[in-house]
Amino acid sequence: MTRLIHGLHHVTAISGDAQGNFDFYTRGLGLRLVKKTVNFDAPQVYHLYYGDGQGSPGSVMTFFPFPGARAGRVGRGQASITQFSVPPGSLDAWQARLADHRGRFVAREEVFGEERLVAADPEGLLIALVGRDDDRAPWQVGDVPSGQAIRGFAGVTMAVAAEAPIADILTGTFGYVRRAEMPLGAGRLVRYRQEGVAAGVVDLHIDPAIAAGVEAAGTVHHVAFRVADRNAQAEIRDRLLAAGHSVTEAIDRDYFWAIYFRTDEGILFEVATDEPGFMVDEPLDSLGASLQLPRQHAHLREGLEASLPPLSP
């Protein structure tokens with residue numbers, strides 16, 4: 001079977017503080033704000049996209065910052081840790097940097113032979129900086145040295161009660177291979193990987209005793225996997241439907257086309273196209289500089305520009 005999925009496309013999470021979110025992911029992690037737009041379904045709320053210099057698929061972390069959102073709880077039935085790739089040997093510098101930018105230290109550990117730093121952002125979202133050889137070019141504006149800067153996603157960890165349901169999707173439809181297993185607490189960690197794909201890791205933390213997650217600020221809303229184009233997306237949709245999943249029709253998200261479905265444990269998966277990308281409405285050198293609105297919300301511009309909180313660079 002032809003492999004149509006090529007690792008992660010983006011990860012989307014929930015925040016409650018737009019300015020604090022912007023500060024941590026740009027000034028703290030050194031990512032570029034590649035798009036400032038609004039939530040398609042709640043246009044009074046920003047949708048902020050951070051990534052490398054071009055917003056390459058496999059590098060983009062996005063947020064819905066709902067003002068005043070209550071704190072969520074990271075747990076079972078969620079994507080629990082978003083993993084970023086950083087150069088080996090840079091974790092000491094990252095640990096100090098995150099402390100200076102309101103990041104909370106969680107752990108330094110070795111997972112499947114890779115050293116990583118686990119931390120929480122100011123609203124409790126868990127991230128891991130994974131020391132890994134990675135030839136992707138980082139965003140190089142700001143004070144993060146090139147020998148330290150984030151290259152993009154390494155992968156994502158999902159907390160689940162059982163392995164089989166998601167494993168069937170990963171191996172049967174998405175083209176991942178089960179590579180390794182190790183104990184983790186009272187449960188176990190199982191690695192699925194697409195070889196040769198930079199953002200090609202999905203780790204399953206399997207433990208029914210983990211408390212169920214509560215979706216709100218500081219938690220992941222959905223995980224998007226990458227396909228080249230709409231033809232590949234349509235074939236993946238057909239495969240998912242044949243396997244018994246309920247999948248949306250393709251939805252135009254301006255910068256990509258998306259389909260959505262939920263796993264048995266309720267994790268929202270998206271399959272997103274590489275096309276057309278983030279330069280359809282602003283040029284490369286000014287990505288993220290001004291508010292971009294979905295076509296259906298263009299008539300709301302005056303009111304939205306007055307009501308959305310300003311972001312101070």
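The values are calculated or read from the model by the stated rules, or taken from the named source; none is laboratory data. Only a predicted model underlies this, so the values are computations on that prediction, with no experimental measurement involved. No Cβ is skipped: glycine too gets one built from the backbone with ideal geometry, and neighbour counts run over all protein chains shown. The accessibility values were calculated without ligands, DNA or RNA, using every heavy atom of the protein model including side chains. Shrake-Rupley method; radii C 1.70, N 1.55, O 1.52, S 1.80 Å.
Surface composition of the chain: carbon and sulfur atoms hold 51% of the protein heavy-atom accessible area at a 1.4 Å probe. Each DSSP beta bridge with both residues in segment 1-120 is either parallel or antiparallel, and the antiparallel ones are about 75%. Computing Rg and the Kirkwood Rh from the Cα coordinates of segment 128-191 gives a ratio, Rg/Rh, of 1.09. Ellipsoid fit via the Cα gyration tensor, the chain: semi-axes of 27, 24, 19 Å, each the root of five times an eigenvalue, largest first. Under the criterion of Cα pairs below 8 Å and six or more residues apart, the relative contact order for segment 1-106 equals 29 percent.
Averaging sequence separations of C-alpha pairs under 8 Å and six or more residues apart, then dividing by the length of segment 109-198, give the relative contact order as a whole percent.
Averaging sequence separation for qualifying contacts and normalising by length gives 16 percent for segment 109-198.
Evaluating 6.51 cos²θ - 1.76 cosθ + 1.60 at θ = phi - 60° for every residue in segment 216-225, the Karplus couplings come out as 5, 4, x, 10, 7, 8, 7, 10, 10, 9 Hz, glycine and proline recorded as x. Looking at the chain, what % of its DSSP beta bridges pair antiparallel, to the nearest 5? Counting DSSP beta bridges with both partners in the chain, the antiparallel share is about 70 percent. When the Cα atoms of segment 5-153 are aligned to their principal axes, the ranges along those axes come out at 42, 35, 31 Å in descending order. Note on exposure: MET61, MET279 ranked by accessible area (1.4 Å probe, complete protein assembly) read MET279, MET61, with the most exposed listed first. With a 1.4 Å probe rolled over the protein heavy atoms of all chains, the accessible area of GLU282, GLU275 falls in the order GLU275, GLU282, largest first.
Taking all Cα pairs closer than 8 Å and separated by 6 or more residues, the relative contact order of the chain comes to 24 percent. Projected label points at ASP285 and GLN95, each 7 Å from Cα along the beta carbon direction, are separated by 4.2 nanometres. Basic side chains Lys and Arg get +1 at the Cβ, acidic Asp and Glu get -1 at the Cβ, and with that the dipole of segment 198-313 about its Cα centre reaches some 160 debye.
Sorted into 5 angstrom bins from 0, the C-alpha pair distances of segment 1-61 split as 4, 17, 25, 24, 15, 7, 4, 3, 1, 0 percent. Can you tell me the dipole magnitude for the chain around its Cα centre, using point charges on the Cβ only (Lys, Arg +1; Asp, Glu -1), in Debye to the nearest 20? Around 320 debye, computed over the chain.
Rounded to 0.05, the FRET efficiency of the GLU195 and ASP41 pair, given R0 = 51 Å and the Cβ-Cβ distance, is 0.90.
Over the chain, dividing the summed -39,500 (n - 2.57) contributions of all DSSP H runs of at least 4 residues by the number of residues returns a 222 nm mean residue ellipticity of -4000 deg cm²/dmol. Taking a ≥ b ≥ c as the square roots of the eigenvalues of the alpha carbon gyration tensor, segment 211-313 is oblate, as a/c is not under 1.5 and a/b does not beat b/c. The phi-based Karplus calculation (6.51 cos²θ - 1.76 cosθ + 1.60; θ = phi - 60°) puts the 3J(HN,Hα) values of segment 81-89 at 9, 9, 9, 10, 8, 10, x, x, x Hz, whole numbers, x for Gly and Pro. Based on every Cα atom in segment 115-243, Rg and the maximum pairwise Cα distance Dmax equal 16.5, 49 Å. Here segment 184-224 yields Rg over Rh of 1.04, to two decimals, using C-alpha coordinates and the Kirkwood radius.
Taking other residues whose beta carbon is less than 13 angstrom from the beta carbon of PHE66, and scoring Lys, Arg as +1 and Asp, Glu as -1, yields -3. Take the chain with all the other protein chains still there, run a 1.4 Å probe, and you get 40 Å² of accessible area per residue. Applying 1/(1 + (r/R0)^6) with r as the Cβ-Cβ distance of GLU109 and ALA298 and R0 = 51 angstrom yields a FRET efficiency of 0.60. Residue-wise HN-Hα couplings along segment 19-33, as the Karplus relation 6.51 cos²θ - 1.76 cosθ + 1.60 with θ = phi - 60° gives them from phi, are 5, x, 5, 4, 4, 5, 7, 9, 6, x, 7, x, 8, 8, 6 Hz; Gly and Pro carry x. Taking amide H as placed 1.01 Å from N in the peptide plane, the amide H of ARG188 sits under 5 Å from that of ILE206, each at least 5 places away or on another chain. Between ALA250 and SER307, the contour length at 0.36 nm per residue exceeds the alpha carbon distance by 17.4 nm.
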